[in-house]
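The values are calculated or read from the model by the stated rules, or taken from the named source; none is laboratory data. Small disclaimer: the values here were computed from a predicted structure and weren't measured. As a convention, Cβ positions derive from the backbone with ideal geometry for all residues, glycine included, and neighbour counts pool all protein chains shown.
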Amino acid sequence: MRIKRGGSMNITYLMQYVSRRLHTIVRKFSVQDGSREKVCERADLTENAFFADEEDVYAEELLSLAESDCPPLIAMGEEGVSYGIVHSGESVFIVGPVVLAPGSESRHKLPPLSAAASLIPFLYHCKAADMISELLLIQNLFRENICSMHETADYNFLDRSVTMEVNREFTDIVFQHQEEVSTHNPYDQEVREVDSIRNGDLEQLKRSWSEDYIGELGILADDPLRNCQNLGIVLVTLASRAAIEGGLLPETAFSLSDSYIRKLEEARAPESAYQLGRQAEYHYALLVKEEREKKAGGEKAFVTDSRVSQCKDYIFAHLHGRITTAQIAKALYINPNYLSGLFKKEEGITIGQYILQEKIKLVKNMLIYSRYSYIEIANYLGFCSQSHLGEKFKKATGLTLHQYREKYGVKGFLGK
């Protein structure tokens, strides 16, 4: 990594900024003369006797880990107590301690701290990504070659022994399949399955499920339930990407994926987990089919201007409030009149009509699957009143809110 030369920088302000962001201590050690600078915006830490002693005792251990040609290093001790170390060339910055969220496990370890447990209540708890962001801010201000979040996470959290274990298991699985003359399900069958979702072809999807072939699905976990949950997650992921390629809005596809994966994690039987993945495939194919039929009905080319897609994504992400064309245009850096004309040309309806259409879809969903009152739904979706929502809903569906819920609502949600 090349070090930036020249120019001046208010390093004390940088340290104060990082200290406030992570609510912890930031120290700078000069490589040349050993001089030190310490910044902490929290009085409860600066007045704590431990940190006064620790600065001399523990700092040497941390400094020994600093390397000039590496990404920021995160060293972790007991209870998730962690420090960040950044070598800027002329100085070494030590940021911490903080407590990283459960599940974070740095491969750079620190010896036990006698007072670790007593420190926990005083320390800021954060995600590893939050800490990495602040460490990269320091590192990249002093470097010509920018270090990325991915490089830093890989350097700190990817256990090299796991990679070796993957290669070992891969060799064992290949050998086992050769010995047993067994194979995975054929790739061309998977291609047909994914293509049917991309094309919104429900019949082809069903045929792909029914194909007979020599081979079997991969084993993704030893536990049968976990294995089927993982297989289901793979199905959902592949289906969501295929649906996006088929014309489904990315935000719609990703949100539906999140919903299915959460339900997969709640599954209690292998069969139900796997079938939920299949249901997701069908759901995505159906949505693509509906999207294509809608476009075909308007006699428009299927290729949509990316700015119209971005407009739709914005609308989807802001359905819970009042949305105007001016707001969307400002977010997309487009002239409002130009955006309105482009959208009408592509979709055959105005932006306002599309917003109402999408809100009505969400109202239907909430009436079917939730217990929210009509006024709560109206408020959530940015209608000025329940009566205003009711008027728009009846015009679009021919039914009142009450009639629609009575006719289509899932009885378990309605308390019946």
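Summary of computed values
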| read-out | value |
| --- | --- |
| Residues being more than 33 Å from the chain's Cα centre (by Cα), under 26 Å from residue 347 (Cα atoms) and not basic (Lys, Arg) - total across region 381-392 | 3 |
| Some residue of region 315-327 being out of contact with any Ser or Thr (no Cβ under 7 Å at 6 or more places or on another chain), surrounded by 19 or more Cβ atoms within 10 Å (Cβ to Cβ) and part of a helix (DSSP H, G or I) | yes |
| Count of residues meeting criterion [closer than 26 Å to residue 295 by Cα and either under 31 Å from the mean Cα position of the chain (by Cα) or assigned to a helix (DSSP H, G or I) (or both)] in region 336-380 | 28 |
| Selection within region 220-275 - among the charged types (D, E, K, R) and either more than 17 Å from the chain's Cα centre (by Cα) or at pLDDT 85 or above (or both) | 222, 223, 226, 241, 245, 258, 262, 263, 265, 266, 268, 271 |
| Exclusive hit being surrounded by 15 or more Cβ atoms within 10 Å (Cβ to Cβ) and either modelled with pLDDT under 85 or under 30 Å from residue 405 (Cβ atoms) (or both), set 301, 285 | 285 |
| From the options 362, 367, 339, residue that is of a type outside the set (Lys, Arg), within 17 Å of residue 309 (Cα to Cα) and surrounded by 15 or more Cβ atoms within 10 Å (Cβ to Cβ) | 339 |
